[in-house]
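Below is one structure, written out as structure tokens; the observations come after it.
Please treat every number below as a calculation from the coordinates, not as lab data. These figures come from a predicted structure and were not determined experimentally. Here the Cβ positions follow ideal geometry from the backbone for every residue, glycine too, while neighbour counts run over all protein chains shown.
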4 protein chains.
Amino acid sequence: MLLMSKLKVGIIGGAGYTAGELLRILIHHPAADIAFVQSESNAGKPLSAVHTDLFFVKDMIFCKETNLKADVIFLCKGHGESYKLLEGEKIYAEAKIIDLSQDFRLKDDYSTLQNKYGSFVYGLPELNRHIIKTSKNVANPGCFATCLQLGMLPLFSKHLIQNDVHISAITGSTGAGQKLTSTSHFSWRNNNMSVYKAFTHQHLKEVTQSLIQLDPSFDNSLFFIPYRGNFTRGIIATLYVKSEEPVEKAREYFTAYYEDHPFVHVSDKNIDLKQVVNTNYCQLFVDKYEDTLMIISTIDNLIKGASGQAVQNMNLMFGLKESMGLDLKSTAF
Amino acid sequence: MLLMSKLKVGIIGGAGYTAGELLRILIHHPAADIAFVQSESNAGKPLSAVHTDLFFVKDMIFCKETNLKADVIFLCKGHGESYKLLEGEKIYAEAKIIDLSQDFRLKDDYSTLQNKYGSFVYGLPELNRHIIKTSKNVANPGCFATCLQLGMLPLFSKHLIQNDVHISAITGSTGAGQKLTSTSHFSWRNNNMSVYKAFTHQHLKEVTQSLIQLDPSFDNSLFFIPYRGNFTRGIIATLYVKSEEPVEKAREYFTAYYEDHPFVHVSDKNIDLKQVVNTNYCQLFVDKYEDTLMIISTIDNLIKGASGQAVQNMNLMFGLKESMGLDLKSTAF
Amino acid sequence: MLLMSKLKVGIIGGAGYTAGELLRILIHHPAADIAFVQSESNAGKPLSAVHTDLFFVKDMIFCKETNLKADVIFLCKGHGESYKLLEGEKIYAEAKIIDLSQDFRLKDDYSTLQNKYGSFVYGLPELNRHIIKTSKNVANPGCFATCLQLGMLPLFSKHLIQNDVHISAITGSTGAGQKLTSTSHFSWRNNNMSVYKAFTHQHLKEVTQSLIQLDPSFDNSLFFIPYRGNFTRGIIATLYVKSEEPVEKAREYFTAYYEDHPFVHVSDKNIDLKQVVNTNYCQLFVDKYEDTLMIISTIDNLIKGASGQAVQNMNLMFGLKESMGLDLKSTAF
Amino acid sequence: MLLMSKLKVGIIGGAGYTAGELLRILIHHPAADIAFVQSESNAGKPLSAVHTDLFFVKDMIFCKETNLKADVIFLCKGHGESYKLLEGEKIYAEAKIIDLSQDFRLKDDYSTLQNKYGSFVYGLPELNRHIIKTSKNVANPGCFATCLQLGMLPLFSKHLIQNDVHISAITGSTGAGQKLTSTSHFSWRNNNMSVYKAFTHQHLKEVTQSLIQLDPSFDNSLFFIPYRGNFTRGIIATLYVKSEEPVEKAREYFTAYYEDHPFVHVSDKNIDLKQVVNTNYCQLFVDKYEDTLMIISTIDNLIKGASGQAVQNMNLMFGLKESMGLDLKSTAF
């Protein structure tokens, strides 16, 4: 039946990394047709001039206009730009919107914009699946935010956390986008490691908002050390917290919580990052040492941490199978 | 119509890299069902104990027996082992066979085995598509062999090569398999480069066999310098040869030759390896400097250079769309 | 004066990574001559057959005997082997000994061996410099242990720590030695990250022993998450602890503590790992967020974390300048 | 005797990669004192603000003036800038000059500048050692040029080459300097490979000039395929040519030619790049297949290919031991 009415998809800010990933996924999505890909600076060029691995995509060029018709529009511009687009009413009002920036992730943020586009739902399917299904606009979560929340949601849904949570995580270089900076220079980054935004990473706000949604009484702290890694794709995070729960019980909670979520897998043995690279999966390992519960959480920052999750949200918003178009072959090596 | 009768696929030698890649592809193939995965040393274990990124595959375990029924059997054991299996008649005789080893790639090799399984066709679709479609057994080409042939076939089909061809190529570590060796040790290989098998790489034999198939008069030499690269996936090869053909003409030959081959793309601007990593594509760049014609050829060694091409052959052998199951999202980064 | 009497140095277990690093350093040390390099499995071979970058070292071969004369002997065999050598009295008794294994790092360990070789001092110069100068035997610290202790010693010397310390750290592959294992395979480790020995890493024992030496009242916990990194050399660790000390004060303590220690540098801006790779330096960054004090500590695991520190200890034990032979050019990139 | 009169060294263009390497080497050079380090854009900043691994260098700041006194001045600015500096007479005229740019490498180039600074000698010690010793100005060779010439000089000195030479080489990212470009972005370059400037690399001119210096009758071609590698340091090149010389004979020529050159090592077994990384060595492997002679040549592009060779030239120009300050510990891993 879908054959007659594929979704018309628009992408705004089409030259960046997340837009490239969206294209890589949507081009093979059985229920979506790409209606337009907008990029002001690349208008008129073929897609493959920017996303060079899409050499097999013929006859698609970047357009300049943002205000084009589509069933769903993905906003892939930098932080702050989505807000401006909606504030300026530069987007087709009938379209559903999936925003990959951080502009509408916090409740305080979406309430400030009172216009024809309506409000946003925080688009973490493992937290808000039901409301996503009926929402017009979705704020797609941040990459670290996705990785960390998936490592904690089951515990908070059971109100099990009465202590500080200690987190370290390492992210691939694509998390920082395609801008040329001193920390994205190959000669600097290759074989290097460094810490940035210790304790203050902006994603902590959306994480905390979700945890309080599940457990309003939570008033402990999240201590978060993010590292820049010398690889391109993926995030691995380790979280630990004092807890009286036995490890078997904790694993049960995790397994039960994610039972009907197709993209989260709970492992009972140690995991490594590449098991999920180039897929929409989050894999979790739950373990315990004395009275400390530890969770290792891994995702591909560009897929489950961005564009894959955005497609997952699109599927939910349009009543499609949640995993449609997301059966991606892992890179594995 | 296929819904009623998916292909039953068997994999023998299921624990190695090429078997893992086959599984990653076939699990999402719309017209194939995995009937059995054999591994003597892992019999009884779940697939995911070996191919750990397949954690989402439940209830499939390695079996021990080789002689099981299937419509098509992929042989993924080490070189020499396929020959032994057929010699010992240890494989179901009715199945079509796709052999990923080098045992049956040379005409001299398959002629030595005279038994119930029948003869083999060299499975490079861009050379032998028609005969592959009707063949019972296919010898899947080597990774370097695929990369080099695709860079030369159009020229030889036109009998344009009257000079030596000079080739350098760099291969990823997965080309050497999962065996632990001094040159596969991370501490050695990271940031390192080295030459191996200069001028004598075994794949030159199958390359030469194919070139002579197209141009029996060819009696020049192929000079080949293979390098071990410090990356996991992919081969980039540069070939050059003296030629009077103008570059525009050469590009025309390449474009025409590959016009109806879905997995070879001829570029008119420079290319890089990652454009094809994690895909079944070969991308070629054809250029000329003075009277020297140069072709750069890139593939993913495990996909177009092994398991992806094997599935492409399966599709051809069973009358399926050649690209079925092979719309793979590139890693890109 | 040293010209007349260079130290005669012996190395036992000469084929491993730490022995290789010792050779790379000692070959250019102005006051040391290599008397012998022992390796049972390589006896008779030239050094450069194993340490191939030492191709310029002519006429030195591995010997088989352990019981040869020298002024100082470095023990570079695996853990447990040093103990056996001394227990079996297989080493020249007059030599000073620097043991790079973990066999004699804990006080309980060296007390169990009561024979002619005498006792061991824990060889962290920034903790025990004075006693190292007059000691006959030194137990060279572990790589993680060095990195973590240097990030904490000043705080413990001032009795400032009354809370748990939270630590994450990432180590290069050479930390795991030259053994071929699944986690040292390039195809697995490249672009990968994983956690191992969470909370239970064996180096925590020697770290705790040193902290208690400085502050016997310490009875909080060290929570330690070690990661395997996809690079060859170096450790970066981040430690944090609740503390009322202002950051300026904390930096003062660090600077004062390391004032006359030539190989520890306290930075007041963020640091990255490659600043110390291929050197004997430890670089520290001290910072504070709200009431949490954070220290980032970086070393080269094979140099300050092993063989460089061993040479530093040798210099101290023989009254040489502490930094002699250790003015190493960093790799930087 | 040198204690009383260390060389006063000036560096102009002090913020780039080659200047950083010079500093790393000269800081530990026993006969050199750094008199000044000039950088227009960094004037007033400490050296360690740019070369962050030099954190241990206190009290040295970049100056703005180029016209300061020194015994020897290294020019480390971009190509074209050295010429301008001399044309504008902006450098102290009494100083000896070592130019790391390509501005004075070709005889035609230095002849165009007729002023008080005098002429330049091509500073490849293994070709021009005697004349370097008495020259006032040296043009330091390019990195590829060094690697390729060292792989051919012995053959050309014997007039053995009557055929085309075929060359492929792979270079580390530092060869492209610190400029931020799309091909220096970590997300692009990591795990990637690409060809650039095939057949036309600018270093071929200086290579050819040297070959003709040794064998004026040479009129064959050099076919050169340079690859961008996904590592930071080093060049590996493979050269081959038809030759009637037996391999033993060829090795003899190489060994004899380099017998009294301390930084070139001829191996009779296969080599790999990391054996020379972070050293001033060039290592060569000479082999033969049928009638094709092959040479593999490896250097560190920033050391023997730039700053190390510049110091080697300084040593020669001032009558110091050729290897002084260049006993560098290899990174090895």
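Charges were assigned to the Cβ only: +1 to each Lys and Arg, -1 to each Asp and Glu. The resulting dipole of chain C about its Cα centre is roughly 960 debye. The mean number of Cβ atoms from other chains found within 10 Å of a Cβ in peptide C:51-59 is 6, as a whole number. Between region D:53-115 and region C:113-173, the C-alpha centres lie 47 angstrom from each other. Considering only D:220, D:171, D:208, the residue lying farthest towards the positive end of the dipole of region D:144-302 is D:171, judged by Cα position with unit charges set on Cβ. Under 20 Å of direct C-alpha separation, and excluding same-chain neighbours fewer than eight residues apart, residue D:274 reaches these lysines: B:197, C:58, C:179, C:274, C:329, D:304, D:329. With a 10 Å cut-off around each Cβ of A:168-179, the average count of Cβ atoms from other chains is 4. Measuring from each Cβ of chain B to the axis carrying B onto D, the nearest residue and its distance in whole Å come out as B:168, 2.
Test of understanding: what is the full-extension gain from residue D:248 to residue D:200, defined as 0.36 nm times their sequence separation minus their Cα-Cα distance?
On the way: separation 48, 0.36 × 48 = 17.28 nm, distance 3.28 nm.
Additional length available on full extension: 14.0 nm.
Under a Gaussian network description of chain D, with springs only between Cα atoms under 10 Å, the residue in D:314, D:294, D:193 that fluctuates furthest is D:193. For peptide D:223-231, the mean count of partner chain Cβ atoms within 10 Å of a residue's Cβ comes to 6. Over region A:252-333, with a single point scatterer placed on each C-alpha, what log10 of the ratio I(q)/I(0) does the Debye formula yield at q = 0.23, 0.25, 0.26 1/Å? With one equal scatterer per Cα and no solvent, log10 I(q)/I(0) is -1.11, -1.21, -1.26. Largest GNM mean-square fluctuation among B:187, B:39, B:323, using chain B with Cα springs under 10 Å: B:187.
Amide H contacts under 5 Å for residue B:37: B:11, B:63, restricted to partners 5 or more places along the chain or on a different chain, H placed in the peptide plane at 1.01 Å from N.
In summary, chain C shows an alpha-carbon radius of gyration equal to 0.98 times the 2.2 N^0.38 Å reference for compact globular proteins.
Beta bridges per DSSP, both residues in the protein assembly as shown: antiparallel share near 45 percent. If you take the Cα centroid of region B:14-43 and the Cα centroid of region B:211-279, the two points sit 30 Å apart. Two numbers describe the Cα atoms of the protein assembly as shown: Rg and Dmax, which are 31.8, 93 Å. Lysines within cross-link reach of residue B:249: Cα-Cα under 16 Å, excluding same-chain residues under 8 positions apart? Answer for residue B:249, where 16 Å is the Cα cut-off: B:158, B:269, B:288, listed by chain and number.
Under a straight-distance cross-link criterion of Cα-Cα below 17 Å, which aspartates and glutamates are reachable from residue D:6, leaving out those fewer than 8 residues away in the same chain? The qualifying aspartates and glutamates are D:33, D:71, D:94, D:322.
Antiparallel versus total DSSP beta bridges in region A:1-126: what percent is that, nearest 5? Could you put the intermediate results ahead of the total?
Details: 1 of 16 bridges.
If I count the DSSP bridges inside region A:1-126, around 5 percent turn out antiparallel.
Projecting label points 7 angstrom from Cα along Cα→Cβ for residue B:5 and residue D:179 puts them 6.3 nm apart.
Take every DSSP beta bridge with both residues inside chain B and express the antiparallel ones as a percent of the total, to the nearest 5. All intermediate terms of the calculation are to be shown ahead of the outcome.
Working: 25 of 57 bridges.
Close to 45 percent.
So how far apart, in nm, are the two label points at residue B:133 and residue B:33 if each is 7 Å from Cα heading toward Cβ? It is 2.8 nm.
What does the helix-only formula give at 222 nm for chain A: each DSSP H stretch with n ≥ 4 adding -39500 (n - 2.57), the total divided by the residues, and the result rounded to the nearest 500 deg cm²/dmol? Let's see the in-between values first.
Numbers: 10 runs with 81 residues, N = 333.
One gets -6500 deg cm²/dmol as the mean residue ellipticity at 222 nm.
For chain A, modelled as a Gaussian network with Cα springs under 10 Å, which listed residue fluctuates most, A:218, A:156, A:186? Ranking A:218, A:156, A:186 by mean-square fluctuation puts A:186 first.
Couplings 3J(HN,Hα) for region D:66-74, derived from phi with the Karplus relation 6.51 cos²θ - 1.76 cosθ + 1.60 (θ = phi - 60°), are 9, 8, 9, 6, 6, 6, 9, 10, 9 Hz, where x marks Gly and Pro. Debye-formula intensities of region C:144-301, expressed as log10 I(q)/I(0) at q = 0.09, 0.13, 0.17 Å⁻¹, are -0.29, -0.60, -0.99 (one equal scatterer per alpha-carbon, no solvent).
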